[in-house]
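See structure below.
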Amino acid sequence: MMIDIFFLGVGLIVGSFLNVVFMRTEREESYVGGRSHCDACEKTLSWCDNIPVLSYLILRGKCRFCKEVIPRQHLWFELGTGGIFFFLGKVFFRVDNPETWLLTLFLGVLISFFVLIVASDIASMEIPLVFLVGINIATALYIVLNFFFFERQLPFLETALWTSLLGGFCAWLFFFGLVYFSQETWMGWGDVWIALAGGTVVGIKYVLLMLTLSFAVGALFGISLLFWKSKKLTTQVPFAPFLVFGIVIILLAKELTPQFLGYFIW
Ligand SMILES: [Zn+2]
């Protein structure tokens with residue numbers, strides 16, 4: 001119970017932080033310095049107006065000074081990330097297992113990058129390079145640390161490090177080929193680097209399934225757009241959200257229903 005509240009609380013704070021990072025990135029502002037301020041009247045906000053969710057509710061969604069409406073986006077970032085972290089703690093974290101401590105910490109970072117990447121891709125069809133570099137550095141750091149702490153006694157070919165390296169390379173190569181030969185008409189370069197992190201995270205055994213899931217859901221979404229909004233076939237749809245979807249589903253299935261997942265793996 002305490003742990004659930006802890007994860008929810010951390011998620012709310014992280015969500016509030018991600019919202020700031022997302023907005024500063026979109027506006028190409030500096031990350032350091034500059035207290036948070038109201039976008040309408042520019043007044044600096046005190047700490048008590050910066051409490052995730054609570055401040056929004058107390059202020060009834062309006063700036064304390066100029067009464068301008070605070071965008072709902074703040075609330076969605078906080079509640080969304082809070083919910084995800086709560087779920088993350090429930091599914092992956094076990095107090096008595098040090099391996100899950102490292103894993104949960106890493107997944108928290110990974111999910112944070114996913115939130116930023118999906119938000120950017122939907123907002124502007126572009127994924128800032130810092131997020132792509134960041135997610136791959138975090139992933140590389142995790143597989144190396146995990147190997148160092150928990151896998152050093154294993155034969156190398158049986159370690160997660162090895163299946164991760166292989167998985168990352170295959171997913172990266174596949175997307176690199178797609179983007180290169182289609183000259184960026186099917187996918188963007190951003191997707192190549194998300195695929196690298198994704199393949200590394202799920203491991204070689206699950207790469208094909210991850211890709212199948214992403215493309216299937218992406219195609220379904222594209223087809224329904226054609227019907228419902230009568231968009232043209234040339235309409236660009238951001239692909240990163242579907243890639244992220246594929247990665248998340250595999251991670252969840254590996255943890256929750258490994259036997260069921262086994263049916264889809266050779
Ligand atoms: Zn204001």
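The values are calculated or read from the model by the stated rules, or taken from the named source; none is laboratory data. Quantities reported herein were computed from a predicted structural model and do not represent experimental measurements. Please note: Cβ atoms are built from the backbone with ideal geometry, for glycine as well, and neighbour counts cover all protein chains shown.
Read through the list (1) closer than 24 Å to residue 123 by Cα; (2) modelled with pLDDT of 85 or more; (3) surrounded by fewer than 16 Cβ atoms within 10 Å (Cβ to Cβ), then give the number of the only condition that residue 2 fails.
(1)
Does region 25-43 contain any residue that is outside the structural domain of residue 151 (by TED's automatic domain parsing) and either closer than 30 Å to residue 161 by Cβ or part of a helix (DSSP H, G or I) (or both)? Working first, answer last.
Kept after step one, since they are outside the structural domain of residue 151 (by TED's automatic domain parsing), are these residues of region 25-43: 25-43.
In the following step, the residues that additionally are either closer than 30 Å to residue 161 by Cβ or part of a helix (DSSP H, G or I) (or both) were identified as 25-26.
Yes: one or more hits.
Take region 55-89 and flag every residue that is farther than 15 Å from residue 15 by Cα, in a helix (DSSP H, G or I) and either within 16 Å of the ligand (Cβ to nearest atom) or not assigned by TED's automatic domain parsing to the domain that holds residue 17 (or both). Step through it out loud before you land on a result.
We begin by selecting, within region 55-89, every residue farther than 15 Å from residue 15 by Cα; these are 57-70, 89.
Restricting the remaining residues to those that are in a helix (DSSP H, G or I) gives 57-58, 89.
Within region 55-89, just 58 meets the criteria.
What pairs come up if the first residue lies in region 4-17 and is in contact (Cβ under 8 Å) with a residue 24 or more places away in the chain and within 16 Å of residue 91 (Cβ to Cβ), the second is hydroxyl-bearing (Ser, Thr, Tyr) and surrounded by 22 or more Cβ atoms within 10 Å (Cβ to Cβ), and their beta carbons are under 9 Å apart, counting only those six or more places apart or on different chains?
11/81
Return the residue satisfying two criteria in turn: it lies in region 123-159 and is polar (S, T, N, Q) and free of Cβ contacts under 8 Å to residues at least 60 places away in the same chain, and of such residues it is farthest from residue 201 (Cα to Cα).
Residues of region 123-159 that are polar (S, T, N, Q), as a first pass: 124, 136, 139, 146, 153, 159.
With the extra rule that they be free of Cβ contacts under 8 Å to residues at least 60 places away in the same chain, the set shrinks to 146, 153, 159.
Details: 146: 12, 153: 21, 159: 13 Å.
Filtering region 123-159 for residues that are polar (S, T, N, Q) and free of Cβ contacts under 8 Å to residues at least 60 places away in the same chain, the one farthest from residue 201 (Cα to Cα) comes out as 153.
Which numbered condition in (1) out of contact with any helix residue (DSSP H, G or I) (no Cβ under 6 Å at 6 or more places or on another chain); (2) hydrophobic (A, V, I, L, M, F, W, C); (3) in contact (Cβ under 8 Å) with a residue 40 or more places away in the chain is the only one that residue 105 fails?
Answer for residue 105: the failing condition is (3).
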